[in-house]
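Any read-out appearing in this document is the output of simple, stated calculations on the displayed coordinates, not a laboratory observation. This one's a predicted model, so the numbers in the text were calculated from it and none came from an experiment. As a convention, Cβ positions derive from the backbone with ideal geometry for all residues, glycine included, and neighbour counts pool all protein chains shown.
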Amino acid sequence: MKKAILILLGFMISFTLKGQLSRSMHQVFEIDSVGMVKIDLWAENDEYQWEVEVWPSRHIMVETNVGLTNANDAILEFLMKEKRYELQTQRETDLIILSNVLEERTPLGTKKGDISEKIRLLIYMPEFLVKVDDTTWKRELPPEKSNNK
């Protein structure tokens, strides 16, 4: 009896997990000698969130974690091929703008129903940039050298 319950429980767990896919992706962006970085991503909500952490590097790295329910590997691969989860940088004079490749995040669905999507981005910002506000980071100027001899 105990074995039957354990087997049934195992089937139930594997069946419920079958519809949940997750994937992590990484992107690295060169920022050279730019003075400012602006983050211009899709609006945050329960399904799309991002945060910034400082790290000891000269590049911006973005870790994107995607979770889909009611989808399969082929759908996730298609969404990745269509660059749904990719970011890009645009360079202006002394500014880099980090944004989504796609301008808007449209709802997903199939003939079998809606696809639930959870996207979480972790943006690793170089330590020589300081936070100005929630979406702007500015290069920290080195301390001025004294002219005293």
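Taking the Cα centre of segment 13-139 as the origin and placing charges on Cβ (Lys, Arg +1; Asp, Glu -1), which of 65, 136, 101 is farthest toward the positive end of the dipole?
Looking along the dipole axis, the top candidate is 65.
In whole Å, what is the distance between the alpha-carbon centres of segment 118-139 and segment 47-95?
Rounded to whole Å, the Cα centres lie 14 Å apart.
Determine ³J(HN,Hα), in whole Hz, for all residues of segment 92-102 in sequence, where each value follows from phi through the Karplus function 6.51 cos²θ - 1.76 cosθ + 1.60 and θ = phi - 60°; x replaces Gly and Pro.
Rounded to whole hertz, the list is 10, 1, 10, 9, 10, 10, 9, 9, 6, 5, 8.
Can you pull out the trypsin sites (Lys or Arg not before Pro) in segment 55-122 whose DSSP state is coil and whose Cβ has at most 15 other Cβ atoms within 10 Å?
Working: sites: 58, 81, 83, 84, 91, 105, 111, 112, 118, 120; in loops: 58, 83, 84, 105, 111, 112.
Listed in order of number, the matching sites are 58, 83, 111, 112.
So, in nm, how far is label residue 55 from label residue 110 when the simple model puts each one 7 Å beyond its Cα toward the Cβ?
Computed distance between label sites residue 55 and residue 110 equals 3.2 nm.
Where a Cα-Cα gap under 17 Å defines reach, which aspartates and glutamates qualify for residue 112, not counting those fewer than 8 residues away within the same chain?
By straight Cα distance, residue 112 reaches 73.
Dividing the convex hull volume of the alpha carbon atoms of segment 12-110 by its residue count, what do you get in Å³ per residue?
Working: hull volume 12.6 nm³, N = 99.
Output value, Cα hull per residue: 127 Å³.
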